[in-house]
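The values are calculated or read from the model by the stated rules, or taken from the named source; none is laboratory data. No experiment lies behind these values; they were computed from the predicted model shown. Glycine also receives a Cβ, built like all others from the backbone with ideal geometry; neighbour counts cover every protein chain displayed. When the accessible area is computed, the model is the full protein with side chains, heavy atoms only, and any ligands, DNA or RNA have been set aside. Shrake-Rupley method; radii C 1.70, N 1.55, O 1.52, S 1.80 Å.
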Amino acid sequence: FNFRSMACTRGGFLAVFILLCVVAHADQQETFHEELLVRPLADGNLFAHLQFTSAIQFNPQNTSLNHFSLFPKPVAQAIQKFGTEHVQLTFTQGRWHENHWGAPLLDAPSGVQLIASFLPSRDAKSEWKSLIHALSGMFCASIDVLDETKSVEPQYSYSDLLRQNSKLEQEKERDQQLQWQEELMNDLESKMTERGESVEGEWKKMQNLPQSSKTFAMNRERISKQRESSPPSRLFYGEMPEEAVCTENLTPWSKLLPCRSESGLGRLLHSLPLYDSLYHSMGVTMRYSLPDHCNSVETCDSVTLELIQTLGVVFRTEEMEEIDIAKLYSEPALSGCVLSNDNSFVYVQMPAEGDITVSPATGEKIENSPLIATSFPQYPRLH
């Protein structure tokens, strides 16, 4: 054997393998940023909303998602395996009092809520059941009991989750309406001709009808045709109001963060202050984001897979003269995740009425907005 030649050959294979890995990984771009929104409420309490956004951009035609730096691998594997295009899961404890706190930033019912839409090429009903079992294990929750008695297939609600590109969808809908109108007119004219009626005379009669009658006739025809050709549902909704939210759900949720709970705003995820609050809602959204020229994940050459983790909490602060944001979470100070590339911010939404000051006064007022943005290492206190 020529050991030197063999070593060179193995070295060549290794170099080619590394080059292929680098090229494949170059098609993927990962980002992560974290934000904390603080909003004083009218009754003296404080609403704090954490949001962590992880994203990975890739070409689904050429790239298989196997290598990750920031994006959690279990999430990418679940999205690809079950063919989902949008998943929204929330764990909520307590009730949002809209009369005292205003409109919620993200609305969610008490207990567990799951909404999912699937790609057109997948067997949505079968994938829905598989997705439920996967999420149940991923978040240590009893979601696997979400059967047909606790879930529905909406026909009209949450339809925005199926519209991957609103601009192209609007153009497609306009084309369909024109096609339906043309088919309707041709059908009416043929029936008039069969009955020996004057087409021009009948059209003049129809023009004198009220607009509501003409619209009703056209919509009736359009809806009947749509029902005849409507494909199986790709959207599912499930709700479990009796499901208790506990620490076992928070721990796996925090492990999806690049910095876990070791640094950054993830350090604020202490269970005691969160579950002792007036209200808290923890959510996770997994979805595809498409560029303007694409209308389908399966045919697009560049898509962005996003994971948005949210945690909204209402703290009891009505008797506090000074509010230290970090201490509300049982932390001495706030810090940014080292992997966020300085994309860590705290926003304070100033109320329209009331005398509240923020210190240190190093925040930047956002134009045309009641928000004050503060980057680290500074963090705000409310007086």
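When the chain is fully extended, how far beyond the present Cα-Cα distance does D107 get from D342, taking 0.36 nm per residue of separation? Intermediate results must be reported in sequence, preceding the final value.
Working: separation 235, 0.36 × 235 = 84.60 nm, distance 2.92 nm.
Going from the current span to full extension adds 81.7 nm.
Too long at a 26 Å Cα-Cα cut-off: which of K255/K327; K81/K150; K73/K150? Present the calculation step by step, with values, prior to reporting the outcome.
Numbers: K255/K327 22 Å; K81/K150 24 Å; K73/K150 29 Å.
Those over the limit are K73/K150.
I need the shape label for segment 60-164. Rule: rounded when a/c is under 1.5, else prolate if a/b > b/c, else oblate, with a, b, c from the alpha carbon gyration tensor.
Cα axes put segment 60-164 in the prolate bin.
Pulled fully out, how much extra length does the chain show between H133 and N62, if you take 0.36 nm times their separation in residues and subtract their Cα-Cα distance?
22.6 nm
Report the accessible area of Y288, computed with a 1.4 Å probe over the heavy atoms of all protein chains in place, in Å² rounded to the nearest 10.
Only protein atoms counted, so the area is about 40 Å².
Keeping every protein chain in place, order E98, E319 by accessible area at 1.4 Å, biggest value first, i.e. largest first. Mind showing how you got there, number by number?
Values: E98 115, E319 170 Å².
Ranked list, largest accessible area first: E319, E98.
For segment 23-86 and segment 284-329, what is the separation of their Cα centres, given in Å?
8 Å
How much net charge surrounds E34 when only other residues with a Cβ under 12 Å from its Cβ are counted (Lys, Arg +1; Asp, Glu -1)?
Working: positive: R267; negative: E35, D342.
Result for the local shell: -1.
Counting only the heavy atoms of the protein chains, how much of K73 is accessible to a 1.4 Å probe, in Å² to the nearest 10?
About 90 Å², rounded to the nearest 10.
How large is the accessible surface of M185 in square angstrom, using a 1.4 angstrom probe and rounding to the nearest 10?
The accessible area comes out at roughly 90 Å².
Which net charge results when you count Lys and Arg as +1 and Asp and Glu as -1 among the other residues whose beta-carbon is under 13 Å from that of L339? Walk me through the numbers on the way to the answer.
Numbers: positive: R260; negative: E30, E34, E262, D342.
Here the charged neighbours net out to -3.
Cα gyration tensor of segment 253-342, axes a ≥ b ≥ c as square roots of the eigenvalues: rounded (a/c below 1.5), prolate (a/b > b/c) or oblate?
prolate
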